[in-house]
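Presented below is the structure to which this report refers.
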Amino acid sequence: MNKILFSSISKKFVMALAGLFLVLFLPVHLTINFMLLKSDPGPFNNAARFMATFPVIRIFEIVLISALLIHITWGITLQIGNWLARPVGYAGGSKSETAFFSKFMIWTGASVLIFLVLHFINFYFIRLGLVKGNPEDFYSVAHQLFKIPSYAIIYLACFALLGLHLYHALSSAFQTLGLNHRIWTPVVKVFAWIYAVAIPLGFAIILITIWKFR
């Protein structure tokens with residue numbers, strides 16, 4: 001039973017489910033972040049306060065962080081397992097689109113992890129009281145951070161790599177879950193491209209607008 005539970009296939013299946021759960025959260029996060037473009041800090045701060053205090057949201061937050069930890073931990077262990085199983089790359093042969101993106105998933109995932117660490121330090125840890133800042137005014141915190149050139153550039157680079165990670169993650173998740181279909185698989189790939197461009201681009205537009213025009 002343990003062998004089945006912790007097999008590579010089982011880990012990929014659970015990691016795919018955790019990844020899809022995270023994918024559903026990103027549009028919500030992006031929608032709230034667009035409130036940063038308002039001149040009035042009230043709507044964003046109210047939304048942030050609601051997310052920090054509403055019991056259902058707090059439970060969702062625990063589930064979200066758990067899904068994130070599962071996705072990261074098993075993604076790393078699967079990649080290390082692949083490296084150990086095949087220390088020398090295959091010679092010759094054609095490289096498919098899937099193989100190309102798979103090769104770099106660990107690195108694009110690492111960039112997302114860097115982004116999350118920065119994001120947690122600058123926002124979530126303030127709310128927990130671990131980092132100095134005003135948890136009642138995340139609007140000002142975000143505007144101050146986004147005006148720092150080095151910080152903005154790192155974020156923009158992470159957004160670009162996030163797009164690559166999202167495209168392959170969405171495509172491979174449906175395959176891992178056994179949802180391949182001659183009609184729907186191409187549709188999923190188109191959706192993956194649109195999603196992988198739209199979400200990072202939305203975050204980038206918010207950051208650039210604050211950095212350069214506010």
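Here, each number is a calculation from the coordinates, and none is a lab measurement. Bear in mind the structure is a predicted one, so any value in this text is a computation, not a measurement. Note: ideal-geometry Cβ built from the backbone for every residue, glycine included; neighbour counts use all protein chains shown.
To the nearest 0.05, how large is the calculated FRET efficiency for GLU136 and VAL63 if R₀ is 35 Å and r is the Cβ-Cβ distance?
Working: r = 25 Å, r/R0 = 0.72.
Calculated transfer efficiency: 0.90.
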If HIS29, HIS143 are placed from fewest to most neighbouring beta carbons inside 10 Å, the sequence is HIS29, HIS143
Around PRO149 (Cβ within 15 Å, Cβ-to-Cβ, excluding PRO149; K/R +1, D/E -1) the net charge comes to +3
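At a Förster distance of 35 Å, what's the computed FRET efficiency of PHE25 paired with PHE213, Cβ-Cβ distance as r, to 0.05? Write down the numbers at each step before the final one.
On the way: r = 28 Å, r/R0 = 0.79.
With a Förster radius of 35 Å, E is 0.80.
Exposure proxy check: ASP40, ASP137 ranked by fewest other beta carbons within 10 Å? Provide the component values of the computation, followed by the final result.
On the way: ASP40 9, ASP137 16.
Ordered by Cβ neighbours within 10 Å, fewest first: ASP40, ASP137.
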